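**Q** After the C-alpha cells below, expect a handful of questions from me.
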Amino acid sequence: MEKFIESITITHILPCVVPGKIRFHADLSVDISPLMPYLNRLMKGAIYTQKTLTLTFKKEGGLITLYPRKVAGGQIENIELAHRILNWLKGLVNECYENKDKIEPLYERQVQLLPLDVYKFLPQTNCKKCAEETCLAFAVKLIVESKSVMLCPDLFTPTYAEKRSMLFTLLKDTGYSTPSGF
Ligand code: SF4
C-alpha cells in the first residue's frame, strides 16, 4: 500500500483540565488538507469545518482535532492511549488516501456541536451570573448563538483560563466566532 503519511510525532504532553487526564500536540509529516473532506466522509460523527480546515472527533474517550499539519488531543487517559490513537489515525489517513477515488468528499459539517461538549469547558458552578439557571442551559444558548460566551464572567478569571482556552479552540474549530484578545 502506498503511504501518504509517514509519521505523526508527539511534540507536547500537557495536563488536561479534566483531572487525571492529559492533552497532547503532534506534528504530521505531510499536509493532509486535501484529504480532509474525504476523512470527513469516512468518520461518522466528526465535525468538519471547511473554513478553518479542522476535523474534530471523539476516540476512546478523547477529543481529537485534526489540522492540516497537526493533531491536538484532550481528555486522554494516558500516553499509551495517545500513541494508540495516533497509530490508528495514521492507518486511517493512509487507507483514505489509497481509496480516495472511491470516496465522495463531504464538505459540510456532519453533526452539530452538542451542549455537553461545551458544558465540559464551562465553570460548572451554576452561579446564574449569565441569567441562565445552569451552565448546561448556557451551553445550549451558546450553540444556537443566542448568547455570547462573554456573559460568563467567571470563565474569564485565571481559575478557568485553561478551560476558556480549550472552549475557544473548540468553538473556533467548529466554525463559531469567539471574542478576540483571549
Ligand atoms: S455564568 Fe458561567 S458559571 Fe455561571 S451559570 Fe452561567 S455559564 Fe455557568
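**Q** In the structure shown, do any of Lys90/Lys163; Lys3/Lys120; Lys58/Lys172; Lys129/Lys163 have a Cα-Cα gap over 26 Å, and if so which?
**A** Lys90/Lys163; Lys3/Lys120
**Q** Using Cα-Cα distances under 8 Å and only pairs 6 or more residues apart, what relative contact order does region 115-173 have, in percent?
**A** Rounded, it is 34 percent for region 115-173.
**Q** Extension gain Leu92-Lys58, at 0.36 nm per residue separation less the Cα-Cα distance, in nm?
**A** Separation in residues times 0.36 nm, less the Cα-Cα distance, equals 10.8 nm.
**Q** Can you tell me the dipole magnitude for the chain around its Cα centre, using point charges on the Cβ only (Lys, Arg +1; Asp, Glu -1), in Debye to the nearest 20?
**A** I would put it at about 340 debye.
**Q** Ok, one more. So between Val140 and Arg69, what do we pick up on full extension, going 0.36 nm a residue minus the alpha carbon distance?
**A** Length difference between fully extended and current span is 22.4 nm.
**Q** Loop-only trypsin sites (Lys or Arg not before Pro) in region 1-110, please: DSSP not H, G, I, E or B, and at most 10 other Cβ atoms within 10 Å.
**A** Passing both the DSSP loop test and the Cβ count: Lys44, Lys51.
**Q** Taking 0.36 nm per residue of separation and subtracting the Cα-Cα distance, what length does fully extending Lys172 through Leu114 add?
**A** That works out to 19.4 nm of additional length.
**Q** So, one more: Can you figure out the FRET efficiency of His12 with Leu151, using R₀ = 22 Å and their beta-carbon distance, to the nearest 0.05?
**A** With a Förster radius of 22 Å, E is 0.10.
**Q** Write out the GluC sites (Glu not before Pro) in region 94-182 meeting two conditions: DSSP loop, and at most 15 other Cβ atoms within 10 Å of their Cβ.
**A** Qualifying residues, ordered by number: Glu108, Glu133, Glu145.
**Q** Quote the relative contact order of region 47-146 in percent (integer), defining contacts as alpha-carbon pairs under 8 Å separated by 6+ residues.
**A** 19 percent
**Q** So what is the relative contact order of the chain, in percent, for Cα pairs below 8 Å that sit 6 or more residues apart?
**A** 21 percent
**Q** For region 60-111, what is the Kirkwood estimate of the hydrodynamic radius, computed as the reciprocal of the mean inverse distance between distinct Cα atoms, to one decimal in Å?
**A** This gives a value of 12.7 Å.
**Q** In 10 Å bins starting at zero, report the fraction of Cα pairs in the chain per bin as a rounded %.
**A** All Cα pairs considered, the percentages come to 9, 35, 34, 17, 5, 0.
**Q** Taking R0 as 41 Å, what's the FRET efficiency between Glu104 and Ala161 from their Cβ-Cβ distance, rounded to 0.05?
**A** E between Glu104 and Ala161, to the nearest 0.05, is 0.45.
**Q** Rounded to whole Å and ordered largest first, report the semi-axes of the equivalent ellipsoid of region 100-150 derived from its Cα gyration tensor (root of 5λ).
**A** For region 100-150, the ellipsoid semi-axes come out as 33, 11, 7 Å.
**Q** How big is the Kirkwood radius of region 8-102, worked out from every pair of different alpha carbons and given in Å to one decimal?
**A** Here the Kirkwood hydrodynamic radius works out to 13.5 Å.
**Q** Could you tell me the accessible area of Val144 in Å² (1.4 Å probe, neighbours in place), rounded to the nearest ten?
**A** 100 Å²
**Q** Moving on. How would His25, His83 line up by accessible area, probe 1.4 Å, largest first?
**A** Result of the area sort, largest leading: His83, His25.
**Q** Where in region 82-175 are there chymotrypsin sites (Phe, Trp or Tyr not before Pro) that are in a DSSP coil and have at most 12 other Cβ atoms within 10 angstrom of their Cβ?
**A** Tyr107
**Q** Which of the aspartates and glutamates could a cross-linker bridge to Lys51, judged by Cα under 20 Å and excluding same-chain residues fewer than eight apart?
**A** Of all the aspartates and glutamates, those that pass the test against Lys51 - Cα under 20 Å, at least 8 places apart if same chain - are Asp31, Glu104, Glu108, Glu145, Asp173.
**Q** Follow-up question, since we're still on this one. For Ser146, Ser177, Ser29, give me the order by solvent-accessible area with a 1.4 Å probe, most accessible first, ignoring ligands, DNA and RNA.
**A** Ser177, Ser146, Ser29
**Q** If you average the alpha carbon positions of region 61-118 and of region 39-55, how far apart do those two centres end up, in angstrom?
**A** Using only Cα atoms, the two centres lie 8 Å from each other.
The values are calculated or read from the model by the stated rules, or taken from the named source; none is laboratory data. These numbers come from a predicted model, not from an experiment. Cβ: placed from backbone, ideal geometry, glycine included. Neighbour counts: every protein chain shown. The accessibility values were calculated without ligands, DNA or RNA, using every heavy atom of the protein model including side chains. Shrake-Rupley method; radii C 1.70, N 1.55, O 1.52, S 1.80 Å.
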